[in-house]
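**Student:** Structure in structure tokens, see below.
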Amino acid sequence: MFTISNTLKIDESDIEVRFIRSPGPGGQHVNKVESAVQIRFNAMENKAINEAMYMRLKRISGQRMTSDGIIILTANSSRSQIRNRDEAIQRLVQILKEASIIPKKRKRTQPTLASKTRRIDNKKKKGSLKKMRGEKFVE
């Protein structure tokens, strides 16, 4: 059981773990051992995730989420299956934590009186400067 927030917990059975061959150099050993880990998490069918969180999760995960709502993460930095599995799950938990945070709505504020007067003064200065550039300057 992975705790994402106070109200959200993900069960280990929701995460599908596959071991795959790691890419890159490594000699004969890399061709025999499946040390890289690929985890799949179906966010669309998970009951713990509501619609708003799913939309935030879709935006955060980007190309790591398929059109079916499945998040696919691959970890191959270590030569150990266990370390790669833990790293991939930690990355998934981090993405889910980030998506569980509800962004605050921006409150519109009124411009202050000082900012309004500064804006008008600047407009008047620009206007008078442009007026002096003309051929026939009349005041």
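The values are calculated or read from the model by the stated rules, or taken from the named source; none is laboratory data. As the structure is a prediction and not an experimental result, all values here were calculated from the model. No Cβ is skipped: glycine too gets one built from the backbone with ideal geometry, and neighbour counts run over all protein chains shown.
**Student:** Exactly one condition in (1) out of contact with any Leu (no Cβ under 7 Å at 6 or more places or on another chain); (2) surrounded by 15 or more Cβ atoms within 10 Å (Cβ to Cβ) is false for R91; which is it?
**Tutor:** Of (1) out of contact with any Leu (no Cβ under 7 Å at 6 or more places or on another chain); (2) surrounded by 15 or more Cβ atoms within 10 Å (Cβ to Cβ), only one is false for R91: (1).
**Student:** Do you know which residues across the stretch 54-83 are in contact with a Ser or Thr (Cβ under 6 Å, 6 or more places away or on another chain) and closer than 14 Å to Q94 by Cα? Step through it out loud before you land on a result.
**Tutor:** Step one: filter the stretch 54-83 for residues in contact with a Ser or Thr (Cβ under 6 Å, 6 or more places away or on another chain), giving 71, 76, 79, 81.
If the condition is that a residue be in contact with a Ser or Thr (Cβ under 6 Å, 6 or more places away or on another chain) and closer than 14 Å to Q94 by Cα, then I71 is the only one that fits.
**Student:** Also, I was wondering about something else. Of the residues D121, D86, which is more than 30 Å from R64 (Cβ to Cβ) and part of a helix (DSSP H, G or I)? Step through it out loud before you land on a result.
**Tutor:** Working: D86 fails: more than 30 Å from R64 (Cβ to Cβ).
After applying the criteria, what remains is D121.
**Student:** Right, next: Looking at the stretch 73-82, which of its residues are free of Cβ contacts under 8 Å to residues at least 40 places away in the same chain and surrounded by fewer than 17 Cβ atoms within 10 Å (Cβ to Cβ)? Walk me through how you get there before you give the answer.
**Tutor:** First, the residues of the stretch 73-82 that are free of Cβ contacts under 8 Å to residues at least 40 places away in the same chain: 73, 75, 77, 82.
The answer is S77, I82.
**Student:** Collect the residues in the stretch 94-116 that are under 28 Å from M55 (Cα atoms) and surrounded by 10 or more Cβ atoms within 10 Å (Cβ to Cβ), keeping them in residue-number order.
**Tutor:** Correct list: Q94, I95, L96, K97, E98, A99, S100, I101.
**Student:** Being part of a helix (DSSP H, G or I) and either over 30 Å from R59 (Cβ atoms) or of a type outside the set (G, A, S) (or both), is that true of even one residue in the stretch 98-107? It would help to see each step written out before you state the result.
**Tutor:** As a first pass, look at the stretch 98-107 and keep what is part of a helix (DSSP H, G or I): 98-100.
Among the residues that remain, those that are also either over 30 Å from R59 (Cβ atoms) or of a type outside the set (G, A, S) (or both) are: 98.
Yes: the stretch 98-107 contains one or more residues that are part of a helix (DSSP H, G or I) and either over 30 Å from R59 (Cβ atoms) or of a type outside the set (G, A, S) (or both).
**Student:** Here is a check on your reading of the model: is I95 at pLDDT below 90 and not in a strand (DSSP E or B)? Show your work before the answer.
**Tutor:** Values: at pLDDT below 90: yes; not in a strand (DSSP E or B): yes.
So I95 fits the description; yes.
**Student:** I've got another one for you. For the stretch 26-43, what are the residues that are farther than 13 Å from S78 by Cα and at pLDDT below 85?
**Tutor:** Passing the criteria: G27, Q28, H29, N31, K32, A43.
**Student:** Criterion first (buried (at least 16 other Cβ atoms within 10 Å of the Cβ), without any contact (Cβ under 8 Å) to a residue 24 or more places away in the chain, under 28 Å from V33 (Cβ atoms) and not β-branched (V, I, T)) does R85 satisfy it? Steps first, answer last, please.
**Tutor:** Details: buried (at least 16 other Cβ atoms within 10 Å of the Cβ): yes; without any contact (Cβ under 8 Å) to a residue 24 or more places away in the chain: no; under 28 Å from V33 (Cβ atoms): yes; not β-branched (V, I, T): yes.
When the stated conditions are applied, R85 does not pass them.
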